[in-house]
Amino acid sequence: MTNLVGKDILAADQFNMAELELILQTARQFDTISSAGGTLDLMRNMILATLFYEPSTRTRLSFESAILRLGGSVLSVAEAKTSSSAAKGETLYDTGKMIEGYAHVAVIRHPIVGSARELADGASIPVINGGDGAGQHPSQALLDLYTIQKEKGRLEELTVTLVGDLRYGRTVHSLAPLLQHFGTRFNFVAPSELAMPAEITAGLRAKGAEVTETSDLAAVIGQTDVLYVTRIQKERFADPAQYEALKGAYVVNNALLQQAKPDLTIMHPLPRVDEIAKEVDAYEGAAYFRQAANGVLVRMALLALVTGKI
Amino acid sequence: MTNLVGKDILAADQFNMAELELILQTARQFDTISSAGGTLDLMRNMILATLFYEPSTRTRLSFESAILRLGGSVLSVAEAKTSSSAAKGETLYDTGKMIEGYAHVAVIRHPIVGSARELADGASIPVINGGDGAGQHPSQALLDLYTIQKEKGRLEELTVTLVGDLRYGRTVHSLAPLLQHFGTRFNFVAPSELAMPAEITAGLRAKGAEVTETSDLAAVIGQTDVLYVTRIQKERFADPAQYEALKGAYVVNNALLQQAKPDLTIMHPLPRVDEIAKEVDAYEGAAYFRQAANGVLVRMALLALVTGKI
Amino acid sequence: MTNLVGKDILAADQFNMAELELILQTARQFDTISSAGGTLDLMRNMILATLFYEPSTRTRLSFESAILRLGGSVLSVAEAKTSSSAAKGETLYDTGKMIEGYAHVAVIRHPIVGSARELADGASIPVINGGDGAGQHPSQALLDLYTIQKEKGRLEELTVTLVGDLRYGRTVHSLAPLLQHFGTRFNFVAPSELAMPAEITAGLRAKGAEVTETSDLAAVIGQTDVLYVTRIQKERFADPAQYEALKGAYVVNNALLQQAKPDLTIMHPLPRVDEIAKEVDAYEGAAYFRQAANGVLVRMALLALVTGKI
């Protein structure tokens, strides 16, 4: 039978369909229990270590909330980069050997690709990648998947439009290949400077996915079931003028939504700045804050599954 | 019946008499149980988020101790100013929308007036203001009130002398209007540069309070039931020489106490530096460390009341 | 009957033999329960405050893991130096008075010798020294002792070789006097610049200990039961060239181990950098990661004993 006991969660593409379904189904169970006001005590006496070598308050709090809701507890290192061990030159491999003596499962966030793998090589306990630089952030992709399924009632046969910074956006790089399993039709909407990397687009097409690339959001909004918005980050541009020119290009507001399907779902990994107008918050399909809350459920599922507590 | 379920706690002056009494009475109950060695489990499975955009170790630990003593748990952001979300430009409104998915109640500390209100506007969970700049710090005022009642056996008919920096001291600005409900006679003792703002004094007098303003502590110490000392902060002065001239003006020591009523109660929001001599610690009426401990009880009361767990 | 209820743990040399045996025996009990998959709830409803005025991730997490495994909870101040109270000039004595209102036991780490004592003077709750500058770090010495006993099956009649920076290494300064109780034969291996302080060596000899001092590790490795390796720290040297010359002097690797007893135990307080080659990790006697895990058990013992929960 499919299970994830003892497994590290390092990349969104590590899962087969049975594993994906197991995660989504477990999150759904937890959702049902939580919504009914129930509480869970599955991970009582278990400790999660959160090792954050760069700040990511949302990801850290989401994982910590998840373990607490399962009855467990937390060892928190919010500023691991300045930790004494890292400063003294300890390898992540050795940090892994250390943390296995202190906790039952660990989440790591690190600016360098491959860091989660290095920690996992050292640690005998399950390690979850909470984002490693331009690399992977699998729990984000899974919560996106869970949100789409919950909002639309299904994952199959959807048209998903990804808009904004598709070049540097780790989130969309992980999500698109996951959605491809479910026959998603893609629209990739970005200025050419921030287009989806060619190898990802080519990879999706090679597996039979229908992908439309455009810089015109209005042209595709009417055929979109799920609009996934990402922030265009100033720090990506050498030339500030170029940033100023592009940043307003894809603002989602009520005017744009008038051209959308009435049941459009709008998602965003947050934090949002100006790319979704505040007026949109009142829209029924504005799912981005629910998406954030779903992160706790999906992370509860991951924690309970890798420790064999469900 | 009076209750505070689902309410935000944003300002000391938001409470009517029934609500004040409810808070004090709840704290008293918790005090009785704790003193008898009992434990409480009222908030089991509930999570408090502490979002501190400026350091305030005492306030943060006091709230965190409160939720732990109620059987709940904590999501702690001790350095929220440098959090990734704040750095990326997320509004406090959006942070509120996020945190409601992670926790059941939140405390915010922020250097800017109105911040707690902005977070509360976003969050559907109760928000407690842990101090917003020159604005409010309601739980401090409530614990001061609780301490006076506990030390003196009553709140009515007391002469309370506030001494030190009455101009910038947020604590005394919140406490004085609360005490006014109970017919307190006030002495405001400060150098003219640090006098109580005229609008507060005028407001108290307009409601019938008896207020004496002086710069001479010795002149009023003999008629004082409660002496509330605040620290004169160096950072308030452009001219260091002026600070040096004023800082020693109101040092409470044994010599001063010889002129005081034998049952004088001495309070201080802490940390104290030199404004209360260490020799005073041995004095029976030195209540400032008990006052700090009372902070946990009052914050337990607030947490349990706003979440409807009592 | 011997007990430690209400005691502060400030220095490794504060314990008599009965107390040492009580601590080791309690750790052993917890070890047995943990190894059998059991859980402990001895400190339910009790709060540990960890006050770290300098970073020491390993020590902090180890103590926090210890209280969590006992069913208790944590108030964590990972950056106490920048705490608002310390910044405003509060004494550690006053901090002690504060923390006794918030927690049931406290651990302090501080760069200045005597800090733990100052906090303990203020606090009515038990205080544990988690390292104060060049001073003491008693829980480290105790976990070293526990590890030797567990790895070798006994503490008596062993030859222990301490190698590396014996001049500044707080760890070895605390451990050697403890081992002396058990008739240990010592080899102190260091370059002359980093030799064990003469007063420690003299003190051991005065109590009858057999001590050999040398700079040649190979000369003594064959007669060694326990090899305790410490890191030579760059920051100890005014002249970087001197550091470069010395740092490679005592690298433990497979070539060296060929000259060792087959049942040699290798220890290190961690983090290790280059002084133990990674190839050594596979060696059965490489106990340094087990040693780190033992730290949790010994700290559980200390916490439970000083709070009278066992």
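What follows draws every value from the coordinates through simple rules; no lab data is involved. In this text the structure is predicted, and so the values were computed from the model without any measurement. A quick note on method: Cβ atoms are made from the backbone with ideal geometry, for glycine too, and the neighbour counts reach across all protein chains shown.
Quick look at the values:
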| item | result |
| --- | --- |
| Dipole of chain C, positive direction: furthest Cα of C:24, C:112, C:246, with charges on the beta-carbon | C:24 |
| Exposure proxy ranking, count of Cβ atoms within 10 Å, fewest first, for B:216, A:94, B:281 | B:216, B:281, A:94 |
| Label point 7 Å beyond Cα along the C-beta direction, distances from residue B:218 to other copies (nm, shortest first) | 8.1, 8.1 |
| Karplus (6.51, -1.76, 1.60) ³J(HN,Hα), θ = phi - 60°, over segment A:288-295, in Hz, Gly and Pro reported as x | 5, 6, 5, 4, 4, 5, 4, x |
| Base-10 log of normalised Debye intensity for chain C (one unit scatterer per alpha-carbon) at q = 0.13, 0.16 Å⁻¹ | -0.95, -1.35 |
| Value of relative contact order over chain B, rounded to a whole percent, pairs C-alpha under 8 Å and six or more apart | 20 |
| Per-residue ³J(HN,Hα) for segment C:176-186, Karplus 6.51 cos²θ - 1.76 cosθ + 1.60, θ = phi - 60°, Hz, x for Gly and Pro | 4, x, 5, 5, 4, 4, 10, x, 5, 8, 9 |
| Inter-copy spacing of residue C:42 label points, which lie 7 Å from Cα along Cα→Cβ, given in nm from shortest upward | 3.1, 3.1 |
| Ellipticity estimate at 222 nm from DSSP helix runs (n ≥ 4, -39,500 (n - 2.57)) divided over the protein assembly as shown, nearest 500 | -11500 deg cm²/dmol |
| Estimated dipole of segment C:139-291 in Debye, rounded to 20 [Cβ of Lys and Arg +1, of Asp and Glu -1, Cα centre] | 320 |
| Stokes-Einstein D (µm²/s) once Rh is taken as the Kirkwood radius of the protein assembly as shown over alpha-carbon pairs, at 37 °C in 0.692 mPa s | 108 |
| Computed FRET value (nearest 0.05) for residue B:263 with residue C:235, which takes r as the C-beta separation and R₀ as 51 Å | 0.35 |
| Shielding by partners - mean other protein chain Cβ count within 10 Å, residues of C:266-275 | 3 |
| Charge-dipole axis of segment B:30-160 as Lys and Arg at +1 and Asp and Glu at -1 on Cβ define it, positive-most pick from B:37, B:55, B:146 | B:37 |
| Where only alpha carbons of segment C:208-270 are counted, the Rg and the Dmax (Å) | 13.6, 39 |
| Segment A:59-76 and segment A:139-190: distance between their alpha carbon centers, rounded to Å | 26 |
| Magnitude of the charge dipole, the protein assembly as shown, Cβ model with Lys/Arg +1 and Asp/Glu -1, debye to 20 | 1140 |
| Copy-to-copy label separations for residue B:198, where each label sits 7 Å from Cα toward Cβ, in nm and ascending | 7.4, 7.4 |
| Rounded to 10°, Cα long-axis angle of helix A:138-152 versus longest principal axis of chain A | 50 |
| Estimated translational D of segment A:139-292 in µm²/s (Stokes, Kirkwood radius over Cα pairs; 25 °C; 0.890 mPa s) | 159 |
| Average beta-carbon neighbours from other chains, 10 Å sphere, peptide A:291-299 | 2 |
| Rounded to whole Hz, the Karplus (6.51, -1.76, 1.60) HN-Hα couplings of segment A:95-110, x for glycine and proline | 4, x, 4, 5, 5, 5, x, 10, 9, 9, 7, 9, 10, 10, 10, 8 |
| Charge context of residue A:24, other residues only, Cβ under 12 angstrom, K/R +1, D/E -1 | -1 |
| Formal net charge of residues neighbouring residue C:308 (Cβ-Cβ distance under 15 Å; K, R +1; D, E -1) | +1 |
| Simple Cβ-charge dipole of chain C, Lys/Arg +1 and Asp/Glu -1, about Cα centre, in debye nearest 20 | 540 |
| Square roots of five times the Cα gyration tensor eigenvalues for segment A:173-231, Å | 17, 14, 11 |
| Entries in B:81/C:88; B:7/B:97; A:97/C:234; A:247/A:278; B:7/C:88 that, when Cα-Cα distance is taken, lie over 22 Å | A:97/C:234; B:7/C:88 |
| Positive-end extreme of charge dipole, chain B - chosen from B:233, B:160, B:267 (charges on Cβ) | B:267 |
| Pairwise centroid distance, computed over Cα atoms, of segment B:281-310 with segment B:1-51, Å | 10 |
| Residues B:2, A:147, sorted so that the one with the fewest Cβ neighbours within 10 Å comes first | B:2, A:147 |
| Overall Cα dimensions of segment B:1-152 - principal axes, largest extent first, Å | 48, 31, 31 |
| Amide hydrogen neighbours beyond the local backbone of residue B:228, cut-off 5 Å, H modeled | B:161, B:162, B:163, B:267 |
